[in-house]
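See structure below.
The values are calculated or read from the model by the stated rules, or taken from the named source; none is laboratory data. Only a predicted model underlies this, so the values are computations on that prediction, with no experimental measurement involved. Note that we place each Cβ from the backbone using ideal geometry, even for glycine, and neighbour counts take in every protein chain shown.
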Amino acid sequence: MALIINHNLNAMDANRNLSNAYSALGTSTKRLSSGLRITTAADDAAGLAIRELMRSDVSSLNQGVRNANDAISMIQTADGALSVTDEKLIRMKELATQAATGTYNSDQRLIIDSEYQAMASEITRIASATSFNGIHLLNGNLSAGPGDIGQYHQGSALVSTGPMKIHFGTANDCTSDYYYIAIGNSTASALGVGLGSGAVAGASISTQALAQVALDALGAAITSKDKIRANLGAMQNRLSNTITNLTIQSQNTQAAESQISDVDVASEMTNYVRNQILTQAAVSMLAQANSLPKMALNLMG
């Protein structure tokens, strides 16, 4: 190589290598300090896109777990209220059995019927008052209509009507992302008991004949209530299984996202040390290269 002074090619080479090594050292420093392999789109454009999709899925799945837990709390609220209704119906059947025997006179049966009607009023009050987060559960607002249950859920208004839609998935597919919870009307009139005076079975036990037919009506009412509770219990178990599945899915998605996004500290630390040594060597050689043109002065002196 000729000895020249207009261009210091050796210094230019050393400076280029120093720039590359220092840039790589900065990248390693950024990755080690953040714990992320991908900090900007320039690091891995495709990986960044995949990572962000996975992160959105993880967040949505975690919210789905919270949604399902809220639904379980709502079901437990409804089931707790129905357990009290159960006690009232059992007492009403006991009273009907008492009034059905011939050892009581009409005045005594009227007294028995007054408690019977009070129990019925309490059942209606419980059904009307039981709510979760301002949503009435037992007054028929969440009852299902005939046919496909999904066709009767209306969520376009400020207040949803029909069976409650429980959404827990990452999309809006009815086969995998949500299902409906329907809770039947549990008022006394819906159950067919305690409607006051009249010929309807279960309306009153003020006479021996009415008390006798009320027993069948009360049996049917208890069965209807038990069906509602059984459906709620099945839904609660289903939601528990859903939570387990969502949690596993979230963890696996998080693990996959980590493989793409997180830095391998051991590997990156090796790169950091390598780049640090290269940077130091480049700085040293740049200083030496800058002094090489001075050798020309020896020839000129």
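If you take just the helices (runs of 4 or more DSSP H) that sit entirely in segment 184-301, which of them hold at least 1 residues that are β-branched (Val, Ile, Thr) and without any contact (Cβ under 8 Å) to a residue 24 or more places away in the chain?
Numbers: elements: 188-191, 208-261, 265-291, 295-300.
Ranges flagged: 208-261, 265-291.
Determine whether segment 93-101 contains at least one residue that is outside the structural domain of LYS227 (by TED's automatic domain parsing), assigned to a helix (DSSP H, G or I) and out of contact with any Leu (no Cβ under 6 Å at 6 or more places or on another chain). Taking every residue of segment 93-101 in turn, none turns out to be outside the structural domain of LYS227 (by TED's automatic domain parsing), assigned to a helix (DSSP H, G or I) and out of contact with any Leu (no Cβ under 6 Å at 6 or more places or on another chain). So is ALA217 farther than 30 Å from ALA68 by Cβ, of a type in the set (Gly, Ala, Ser) and buried (at least 19 other Cβ atoms within 10 Å of the Cβ) or not? Spelling it out, ALA217 is indeed farther than 30 Å from ALA68 by Cβ, of a type in the set (Gly, Ala, Ser) and buried (at least 19 other Cβ atoms within 10 Å of the Cβ). Out of ILE112, ILE166, one residue alone is closer than 18 Å to ASP70 by Cβ, at pLDDT 90 or above and aliphatic (A, V, I, L, M). It is ILE166. Would segment 35-53 turn up any residue that is out of contact with any helix residue (DSSP H, G or I) (no Cβ under 6 Å at 6 or more places or on another chain), in contact (Cβ under 8 Å) with a residue 12 or more places away in the chain, surrounded by fewer than 15 Cβ atoms within 10 Å (Cβ to Cβ) and polar (S, T, N, Q)? The answer is no, given that none of the residues of segment 35-53 is out of contact with any helix residue (DSSP H, G or I) (no Cβ under 6 Å at 6 or more places or on another chain), in contact (Cβ under 8 Å) with a residue 12 or more places away in the chain, surrounded by fewer than 15 Cβ atoms within 10 Å (Cβ to Cβ) and polar (S, T, N, Q). Can you work out which of the residues in segment 123-143 that are touching a helix residue (DSSP H, G or I) at 6+ places or on another chain (Cβ under 6 Å) and not hydrophobic (A, V, I, L, M, F, W, C) is modelled with the lowest pLDDT? Per the criteria, the residue is ASN139. Hey, any hits in segment 101-109 for a residue that's small (Gly, Ala, Ser) and modelled with pLDDT of 95 or more? No, segment 101-109 contains no residue that is small (Gly, Ala, Ser) and modelled with pLDDT of 95 or more. For segment 1-44, a residue qualifies if it is among the hydrophobic types (A, V, I, L, M, F, W, C) and either part of a loop (DSSP other than H, G, I, E, B) or touching a strand residue (DSSP E or B) at 6+ places or on another chain (Cβ under 9 Å) (or both), and the qualifying residues are MET1, ALA2, LEU3, ILE4, ILE5, LEU36, ILE38, ALA41, ALA42. Count of segment 134-149 residues, restricted to those that are surrounded by fewer than 19 Cβ atoms within 10 Å (Cβ to Cβ) and either within 27 Å of SER204 (Cα to Cα) or free of Cβ contacts under 8 Å to residues at least 12 places away in the same chain (or both), is 8. Candidates SER131, SER121: the one that is surrounded by fewer than 18 Cβ atoms within 10 Å (Cβ to Cβ) and touching a Gly at 6+ places or on another chain (Cβ under 9 Å) is SER121. Among the conditions (1) closer than 23 Å to VAL273 by Cβ; (2) at pLDDT 85 or above, the only one that THR39 does not satisfy is (2). The single condition among (1) in contact with a His (Cβ under 8 Å, 6 or more places away or on another chain); (2) polar (S, T, N, Q); (3) loosely packed, with under 15 Cβ neighbours inside 10 Å that THR103 does not meet is (1).
The residue that is surrounded by the fewest Cβ atoms within 10 Å (Cβ to Cβ), counting only those in segment 54-98 that are within 24 Å of ILE248 (Cα to Cα) and charged (D, E, K, R), is ARG66.
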